1. Would you confirm whether any residue within the range 202-217 is within 24 Å of VAL291 (Cα to Cα), open to solvent by 40 Å² or more (accessible area, probe 1.4 Å) and assigned to a helix (DSSP H, G or I)?
2. Among the candidates PRO243, PRO199, single out the residue that is open to solvent by 10 Å² or more (accessible area, probe 1.4 Å), within 16 Å of ligand 2 (Cβ to nearest atom) and over 18 Å from the mean Cα position of the chain (by Cα).
3. Residues in the range 92-112: is at least one surrounded by fewer than 23 Cβ atoms within 10 Å (Cβ to Cβ), part of a strand (DSSP E or B) and among the β-branched types (Val, Ile, Thr)?
4. In the range 113-148, how many residues are open to solvent by less than 10 Å² (accessible area, probe 1.4 Å), within 18 Å of VAL55 (Cβ to Cβ) and either modelled with pLDDT under 95 or not in a strand (DSSP E or B) (or both)?
5. Check the range 144-162 and report whether any residue there is touching a strand residue (DSSP E or B) at 6+ places or on another chain (Cβ under 7 Å), aromatic (Phe, Trp, Tyr), under 27 Å from LEU219 (Cβ atoms) and within 16 Å of ligand 2 (Cβ to nearest atom).
6. Specify which of the listed residues (LEU236, LEU267, LEU254, LEU175) is under 25 Å from THR39 (Cα atoms), within 16 Å of ligand 1 (Cβ to nearest atom) and in contact with a Phe, Trp or Tyr (Cβ under 8 Å, 6 or more places away or on another chain).
7. In the range 29-64, which residues are in a strand (DSSP E or B) and either within 9 Å of ligand 1 (Cβ to nearest atom) or open to solvent by 10 Å² or more (accessible area, probe 1.4 Å) (or both)?
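The values are calculated or read from the model by the stated rules, or taken from the named source; none is laboratory data. Small disclaimer: the values here were computed from a predicted structure and weren't measured. Positions of Cβ are backbone-derived with ideal geometry, glycine not excepted, and every protein chain shown enters the neighbour counts. To get the accessible areas, we keep the full protein, side chains included, count just its heavy atoms, and leave off ligands, DNA and RNA. Shrake-Rupley method; radii C 1.70, N 1.55, O 1.52, S 1.80 Å.
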Amino acid sequence: MTGDAMLIQEVATRDGFQIEPVFVETADKVALIDALAATGFSRIEVSSFVSPKAVPALADAAEVFAGIKRRPGTVYVALVPNPKGAERALAAKVDEVNLVASVSETHNRANMGMTPAASIEGFGRIMETLKGSGLSTNATVATAFGCPFEGDQPADKVLAQVERYLALGIEGVTLADTTGMANPRQVEALVARALALVPAGRLTLHFHNTRGLGLANVLAAYGAGARRFDAALGGLGGCPFAPGATGNICTEDLANMAEEMGIATGLDLEALIGLSRDLPRLVGHDVPGQVAKAGRPSDLHPIPQAA
Ligand code: COA
Ligand code: ZN
């Protein structure tokens, strides 16, 4: 099988670092983002303009944006929860804001300290503020495939939130499986319905590998017509306000799968593997990604010698 190219947005320095107990030094974050950009990413979610009390690991978002070299052709994105975050993102000259609200009321209260309706009301004010700024906008429906507190979330409710985003003039939409509750059949059905509202070029799928279904869900989404996916180097990641959260799908594992299947990603897989192998130095522990440990399928081993 070969197929249409897949766009992978790198989120390790945002979704990945937000849950790490260690504070990764600003200079290390900047160096990693620049190195990631050099491997060919057209989109990198750099950091979050959230409360530094809520997520101390990303308190240096403005310094990180000031430190990175802007590679032409790469869109540098920041997660924004509320109007104050949007003002900070604007001042930091981000290319795009990613506004986040959960479909689950319980998760949004735990994560954002307000109801989803209050979050979305804030997005309306943010869209007013950003008018004429030239910034691109994306909004995420978190817990779109299930909530760790409430369980299943009705697809109709998820799609109604997508429609509210579009009605505000938000350009891109992400459906996020915040704690890896999605399964391929559910993904196929929800993506098919979402694509009736948002074209594939503006729809992103955000999967976590919490239950080992991450890449299966990517294939289900791809089969249903989705072409844009979030992934984190090394498989880092997780929401600090969702019990049991674990890593995003792993960038280099996803890029390897795509390459083996003849699906172009535009990424330098060898360079990605090199960067992933350096992650334990930054975060102080082993990371879940598998291809960086096993090597690529083409990395053959010497033939054992007979005794
Ligand atoms: N950036 C920095 N500071 C912010 C901020 C932002 N975007 N939004 C609010 N604050 C500050 C306020 O200025 C205020 O500061 P003060 O105590 O010095 O006066 C303080 O935070 C409380 O403000 P309030 O509006 O009452 O916010 P809150 O405490 O209800 O928190 C959020 C709401 C959304 C800011 C917070 O829950 C948050 O940052 N959540 C993000 C969680 C996250 O990143 N999850 C993972 C990714 S999905
Ligand atoms: Zn996530």
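1. Scanning the range 202-217 turns up at least one residue that is within 24 Å of VAL291 (Cα to Cα), open to solvent by 40 Å² or more (accessible area, probe 1.4 Å) and assigned to a helix (DSSP H, G or I).
2. Unique residue meeting the criteria: PRO243.
3. no
4. Final tally of qualifying residues: 3.
5. yes
6. LEU236
7. ARG43, SER48
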